[in-house]
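Below is the structure I would like to discuss, written out as structure tokens.
The values are calculated or read from the model by the stated rules, or taken from the named source; none is laboratory data. Just so it is clear, the structure is predicted and the values come from calculations on it, not from any experiment. Heads up, the Cβs are rebuilt from the backbone with ideal geometry, glycines too, and the neighbour counts pull from every protein chain shown. Note: areas computed on protein heavy atoms with side chains; ligands, DNA, RNA excluded. Shrake-Rupley method; radii C 1.70, N 1.55, O 1.52, S 1.80 Å.
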Amino acid sequence: MTLLPGVFIILLTVIFGGNTVAIKLALTGMGPLTTAGLRFALAAVAIACWAYLTGRCFRIQPGQAFQLLVVSIAFTIQLCLFYLGLERTYASRGVLIANLLPFFVLFLSHRFIPGERITWKKMMGIALGFGGVAFMFSGTPGVSGSLHSGDLIILAAVVIWSCNVVYTKRIINDYSPFHLVLYPMIFSVPIFLSAGFLWDGRMLFNLNPTVISAYVYQSLVSAAFGFVAWSTMLQRYGASTLHAFVFIMPIAGVVFSGLLLNEPITPNLIVAMVFIAAGILMIHLSPKKPTFTFPLGRGL
């Protein structure tokens, strides 16, 4: 890989890392379920247009509808929990908890995917990741109950998310990658918008330029452009090269949280960020084969 592709991949991981901050900004003017529905509606349109213009086949094979239904239901639940949890905690904490995803995936892959074994090096990476989150929680005795509830909701989302990633890994070879991104989005949009109408209180209440920009960022930049760009780079360079960069995501998320949201960047948070990034880097230094369309799904 030459310099420019390397810089571009770093840019992509920074974009994905900043997605949690964009969601948090959008939540200042939209209800959480409404935000999710509108985001994936726009992203689905953009990805469908790209697939049509590039000649992708939208047809699925007989028997695949049930698999897509399973992926779509899990996708909807995990994103519902993630948005609701992020409304109740700091973006910096949310992004670090979300980056426990590869560690949960590693555990589940060891059990459910043949040939995916946990080595001692990966065990050290897992220990670093969970140790980082434990260290983050250890120094916050005055945090309110609502903040803790948000952390736990995001953790529940990550557990479901990891199950969905492992299930997707088992079936992905039978699909065009965009099928497993586009169809769950289409499935989730009416559910999110209906739930937002019923439970968000106010669906839209402060559509200022910051909220609109954050909405466009997470819809078109992170979800749509991110998917197309990552898939293109994945085809050219392979997962071994690309996933060596994913440790940048938690770092970018924490930095953006401090710069754009003025969230406190405490020493505990910095140590947790370093531990989690180091753990992700350790387990992804030499992956055996391409396994993900998005970098562990976090582009969504």
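For the stretch 158-178, state whether one or more residues are of a type in the set (D, E, K, R), out of contact with any Cys (no Cβ under 7 Å at 6 or more places or on another chain), closer than 24 Å to Gly18 by Cα and in contact (Cβ under 8 Å) with a residue 60 or more places away in the chain.
Among the residues of the stretch 158-178, not one is of a type in the set (D, E, K, R), out of contact with any Cys (no Cβ under 7 Å at 6 or more places or on another chain), closer than 24 Å to Gly18 by Cα and in contact (Cβ under 8 Å) with a residue 60 or more places away in the chain, which makes the answer no.
Does Leu38 satisfy the criteria of being touching a strand residue (DSSP E or B) at 6+ places or on another chain (Cβ under 9 Å) and either at pLDDT below 95 or part of a helix (DSSP H, G or I) (or both)?
Judged against the criteria, Leu38 is a match.
Let me ask another. Is it the case, given these coordinates, that Pro184 is of a type outside the set (D, E, K, R) and over 20 Å from the mean Cα position of the chain (by Cα)?
So Pro184 fails the test.
Could you name every one of the helices (runs of 4 or more DSSP H) located completely within the stretch 46-142 that has at least 1 residues being open to solvent by 50 Å² or more (accessible area, probe 1.4 Å), modelled with pLDDT of 95 or more and more than 24 Å from Leu281 (Cβ to Cβ)?
Correct list: 64-86.
Pick out the one residue from Gly150, Gly201 that is touching a Lys or Arg at 6+ places or on another chain (Cβ under 8 Å) and within 23 Å of Tyr90 (Cβ to Cβ).
Gly150
Evaluate the stretch 178-187: report whether one residue or more is open to solvent by 60 Å² or more (accessible area, probe 1.4 Å), in a helix (DSSP H, G or I) and among the hydroxyl-bearing types (Ser, Thr, Tyr).
No, every residue in the stretch 178-187 fails to be open to solvent by 60 Å² or more (accessible area, probe 1.4 Å), in a helix (DSSP H, G or I) and among the hydroxyl-bearing types (Ser, Thr, Tyr).
Which of (1) surrounded by fewer than 16 Cβ atoms within 10 Å (Cβ to Cβ); (2) of a type outside the set (S, T, N, Q); (3) on the phi < 0 side of the Ramachandran plot is the odd one out, the single condition Gly201 does not satisfy?
Only one criterion in (1) surrounded by fewer than 16 Cβ atoms within 10 Å (Cβ to Cβ); (2) of a type outside the set (S, T, N, Q); (3) on the phi < 0 side of the Ramachandran plot is unmet by Gly201, namely (3).
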